Structures are given as structure tokens and as C-alpha cells.
Amino acid sequence: MTDLRIRTASVEDAESVLAFWREAAEGTSITDDVDGVTRLVTRDPEALILAEADGVLVGSVIAGFDGWRCSLYRLAVLPSHRRRGISAALLEAAEKRFVAAGGRRGDAMVLEANERAHRAWASAGYHREDHWRRWVKRFA
């Protein structure tokens with residue numbers, strides 16, 4: 001990998017981000033559409049952080065901060081580019097964002113069956129909290 005560039009996404013990145021997630025991310029979300037990505041970037045222009053290598057989208061993380069909690073979603077790296085420090089660079093950018101905003105702790109949303117992700121989050125210094133469970137309700 002020649003040059004890794006970390007940047008925030010723009011509305012124009014929506015289609016390429018969705019294509020990237022189909023290839024690199026585990027699971028799907030009800031918001032996996034152009035409207036969902038566009039709303040995210042429009043509402044919080046610094047939330048969707050991308051990694052590019054030689055002009056190719058190779059990584060992403062959503063670093064959402066609502067003033068109370070720092071939430072991490074969609075940490076993904078292109079399979080051909082894994083184990084090169086890309087997720088570490090993305091998390092560093094996300095954590096810097098959180099610290100600058102006054103955040104105190106990052107919470108990562110990780111699929112239960114994604115063992116590779118469990119290892120990646122653990123190696124980045126995150127730990128599992130089994131006493132919490134996610135409760136969801138769809139609105140649409």
C-alpha cells in the first residue's frame with residue numbers, strides 16, 4: 001500500500017460507500033441506501049470516516065457522537081487490504097474526533113457472530129460488556 005488517506009465522507013460518496021460495504025462489511029442495515037448515507041453525512045459531516053489507498057476506498061467507520069455517547073459502527077476494511085493497519089488508522093481518527101468533542105468512552109456495535117471483528121476490536125483495546133443488550137424497533 002503506497003499512501004493511506006483518512007478523510008470524512010461527502011454526500012457524493014454515498015454510492016461508493018454502499019458498494020464498499022456490500023464487499024467489506026458484515027451484515028446489513030435498514031439504512032443501507034443512498035438516502036440513509038446522505039442523511040448521515042448531511043446531519044453530521046464528520047461522522048463517516050473513510051480510508052483510501054491509492055485512490056481506492058479500502059476502509060470505513062461511522063463515529064457518531066450525540067453529545068452524550070460516542071458510538072462506532074461499520075468498521076470495515078476491504079478483504080484484500082486487511083492486516084495493514086487500516087482499521088487502527090480509522091479508529092485513531094474516530095477517537096480523536098470523540099476526544100475533541102468531549103467524549104469519554106466509545107461504544108462499538110459488533111455482530112455477535114463476527115469473530116474476526118471481535119478479535120479486531122479487542123486488539124484495538126475495546127472489551128465486550130456482556131451485561132448490556134441491544135433493543136431495537138423499526139420505524140419504517
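Bridges between two residues of region 1-129, per DSSP, are antiparallel at a rate of about 85%.
Spacing of the modelled spin labels on GLU115 and GLU23, each 7 Å from Cα toward Cβ, amounts to 2.6 nm. Cα centroid separation, region 67-140 to region 1-46: 15 Å. The residues of the chain expose, per residue, 67 Å² of accessible area to a 1.4 Å probe.
Note on the chain: with a GNM built from Cα contacts shorter than 10 Å, the maximum mean-square fluctuation among GLU52, GLU112, GLU92 falls on GLU112.
Where both bridge residues fall in region 53-140, DSSP classifies roughly 70% of the beta bridges as antiparallel.
Name the shape class, rounded, prolate or oblate, that the alpha-carbon gyration tensor gives for region 19-67, where a ≥ b ≥ c are the square roots of its eigenvalues, rounded holds for a/c under 1.5, and otherwise prolate holds if a/b is larger than b/c and oblate otherwise. Oblate shape, in that a/c is at least 1.5 and b/c is the bigger or equal ratio.
Ranked by the mean number of other Cβ atoms within 10 Å per residue, highest first, peptides 20-27, 58-65, 129-136 order as 58-65, 20-27, 129-136. Labels on offer are (1) 1.13; (2) 1.99; (3) 1.01, and the one holding Cα Rg over 2.2 N^0.38 Å computed from this structure is (3).
Ranked by the mean number of other Cβ atoms within 10 Å per residue, highest first, peptides 122-128, 68-74 order as 68-74, 122-128. At 1.4 Å probe size, with the rest of the protein present, what percent of the exposed accessible area of the chain is carbon and sulfur atoms? On the chain, the fraction of accessible area on carbon and sulfur atoms equals 51 percent.
The values are calculated or read from the model by the stated rules, or taken from the named source; none is laboratory data. Everything quoted here is computed from the prediction, not taken from an experiment. Cβ: placed from backbone, ideal geometry, glycine included. Neighbour counts: every protein chain shown. Accessible surface areas use protein heavy atoms only, side chains included; no ligands, DNA or RNA. Shrake-Rupley method; radii C 1.70, N 1.55, O 1.52, S 1.80 Å.
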